[in-house]
Amino acid sequence: MEYIDLGHISLLIGFLLILVGFWGVLTQKNIIKIIVGFSILNTGINILIVSLGYVKGKTAPIIDNAVAQTGYHDVSASVVDPVPQALVLTAIVIGFGVTALMLAYAMKLYKAKKTLEINKFNDLKW
Amino acid sequence: MLRNILIALVILVMGYMFYNTYSNYETRTELAGISQHFAAQGAQEVGAANLVTAIVVTYRGFDTLGEVTILFLTASIIAFFLKLKDEDYDSSIDHRETSELLVTASQVLIPIIFLFGIYVFMNGHLTPGGGFQGGAIIATGVALMIMANPNVRLNYHVIHWVESVSGVSFVVIGILGMVLAGGFLDNKIFGQDGLGEFGTLFSAGAIPIIYSFVGLKVGAEISNILNKYQKSQKEA
């Protein structure tokens, strides 16, 4: 069995979470469960972006004792890529905003029809 | 039936694409391009020990301003959708009695959670954390408060004022960067040598100030959204 490094493990987890979330969005009938599916999809994509910034054997991009312990004098030779992590921080906040909005819509839909089954909302179907 | 087959087909095709990407992926062994520059020069140029914070607040500060704007937009749209009248804020909801454990634990935990949130956003330039995370932690304290007593009355005037004042302060500090330093949201507003000692609380120029305002704003905004969810329930 060959050795799997951290980058591959997190990439695999990211891909699996994306598939699970996508499956949930496509198959579930309850609006709350669809929102949960979107959340899982979102988390999977975030893990995927962070794992693309992983550099083999390097430490977190915070300059403290852990960086000194890697034994390199140059900081850039001892940390993982900080840019994807900064982008994911933005993405998490946007994801929070989207989830909060979806929940508000779900509350509004429930008030309109007293149900959360997506099949009951067929007003635009003919 | 046809629907299930199509869904299975979509998932399988996606999985196949992911599998090809996964099997061809090789973990990187060194930084390149702009990341190389950020990692090598970030400590000198910005003075923040946490390089992610240096990128989020200074190198990509404009992006963070947009991020805060998007949160504000979310809160506004939710306020528009779940419109509350003045008397709704004073209405009480019939609810099951909350458990003794939750009420007692919340009295002990809420001050500690608030303190932890403030610690996280003030030390955003030194530790893994920052304004958004600290604000979210403060909002979990508010969520616990609402769960322990569903009829709790949050003072929404205070929430609105904290949110507005910190939002304006963020922009004002950005403009100060234009007057006193190199450009909009530059963190060297205390002069070129005013970055402070590297790795201490008072370092990295304007970053702790900006992140504290971001933390207060995010905390107030999420508390506001939670309050809206809670108070608009009684019609349902």
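What number comes out for the charge environment of residue A:93, summing +1 per Lys or Arg and -1 per Asp or Glu over other residues with Cβ under 12 Å away?
-2
Between the alpha-carbon centers of the range B:142-186 and the range B:16-44, tell me the distance in whole angstrom.
If you average the Cα positions of each part, the centres end up 35 Å apart.
222 nm [θ] for chain A, helices only, -39500 (n - 2.57) per DSSP H run of 4+, per residue, to 500?
-22000 deg cm²/dmol
How about the range B:153-236: which trypsin sites (Lys or Arg not before Pro) there are in a DSSP loop, with at most 14 other Cβ atoms within 10 Å of their Cβ?
B:153
For residue B:28, which sequence-distant residues (separation of 5 or more, or a different chain) have an amide H within less than 5 Å of its own amide H, given hydrogens modelled in the peptide plane?
A:56
Rounded to the nearest 0.05, what FRET efficiency do residue B:168 and residue A:74 have when you use their Cβ-Cβ distance and R0 = 45 Å?
E between residue B:168 and residue A:74, to the nearest 0.05, is 0.65.
Just to be sure I follow the rule: in chain B, considering lysines 8 or more places apart or on different chains, how many pairs have Cα atoms under 16 Å apart?
Total qualifying Lys-Lys pairs in chain B comes to 6.
Around residue B:65, what is the net charge, scoring Lys/Arg as +1 and Asp/Glu as -1 over all other residues with Cβ under 14 Å from its Cβ?
My count for the surroundings of residue B:65 gives -1.
Given a 1.4 Å probe, how much area per residue of chain A is accessible, in Å²?
56 Å²
Simple spin-label model, 7 Å along Cα-to-Cβ: residue A:5 to residue B:94 in nm?
Label at residue A:5, label at residue B:94, 6.3 nm between them.
Taking residue A:120 as the anchor, which lysines have their alpha carbon closer than 17 Å to its alpha carbon, excluding any fewer than eight residues away along the same chain?
Residue A:120 reaches A:29, A:33, A:108, A:111.
Once you order the gyration tensor axes a ≥ b ≥ c over the Cα atoms, which shape class does the protein assembly as shown get: rounded for a/c under 1.5, otherwise prolate or oblate by comparing a/b with b/c?
Oblate is the answer for the protein assembly as shown, as a/c is 1.5 or above yet b/c matches or exceeds a/b.
On average, how many beta carbons from a partner chain sit within 10 Å of the beta carbon of a residue in A:84-93?
6
Using a cut-off of under 17 Å, list every residue of the range B:153-174 whose amide N is near the label point 7 Å from the Cα of residue B:102 along the Cα-to-beta-carbon line.
Answer for the range B:153-174: B:153-154.
Only helical DSSP H runs with n ≥ 4 go in: add -39500 (n - 2.57) per run for chain B, normalise by residue count and round the 222 nm mean residue ellipticity to 500 deg cm²/dmol.
Rounded to the nearest 500, it is -22000 deg cm²/dmol.
So what is the accessible area of chain B per residue, in Å², with the probe set to 1.4 Å?
53 Å²
With r as the distance between the Cβ atoms of residue B:6 and residue B:110 and R0 = 41 Å, compute the FRET efficiency 1/(1 + (r/R0)^6) and round to 0.05.
The pair residue B:110/residue B:6 has a calculated efficiency of 0.25.
Based on the alpha-carbon gyration tensor of the range B:156-213 and its eigenvalue square roots a ≥ b ≥ c, which shape applies: rounded if a/c is under 1.5, prolate if not and a/b is larger than b/c, or oblate?
Taking the square roots of the gyration eigenvalues as a ≥ b ≥ c, the range B:156-213 is oblate.
Could you pull out the longest piece of chain A with no exposed loop trypsin sites (Lys or Arg not before Pro) in it, calling a site exposed if DSSP puts it outside H, G, I, E, B and it has at most 10 other Cβ atoms within 10 Å?
Result for the longest clean stretch: A:1-113.
Across peptide B:95-102, how many C-beta atoms of other chains are within 10 Å of each residue C-beta, on average?
Partner-chain Cβ atoms within 10 Å, mean over residues of B:95-102: 0.
Between residue B:26 and residue A:26, what is the label-to-label distance in nm when each label sits 7 Å out along the Cα-to-Cβ direction?
Result for the modelled spin labels: 3.3 nm.
What's the buried accessible area, both sides, between A and B using a 1.4 Å probe, rounded to 100 Å²?
What A and B bury together is about 4500 Å².
Just to check I understand the Karplus step: with θ = phi - 60° and J = 6.51 cos²θ - 1.76 cosθ + 1.60, what whole-Hz values come out for the range B:144-157, glycine and proline as x?
After applying 6.51 cos²θ - 1.76 cosθ + 1.60, I find 5, 4, 5, 5, 5, 9, x, 9, 4, 9, 6, 7, 6, 5 Hz.
The values are calculated or read from the model by the stated rules, or taken from the named source; none is laboratory data. All of these numbers come straight from a predicted model, not from anything done at the bench. Using ideal geometry, Cβ is built from the backbone for each residue, glycine included, and neighbour counts are taken over all protein chains shown. With ligands, DNA and RNA removed, areas are computed over all heavy atoms of the protein, side chains included. Shrake-Rupley method; radii C 1.70, N 1.55, O 1.52, S 1.80 Å.
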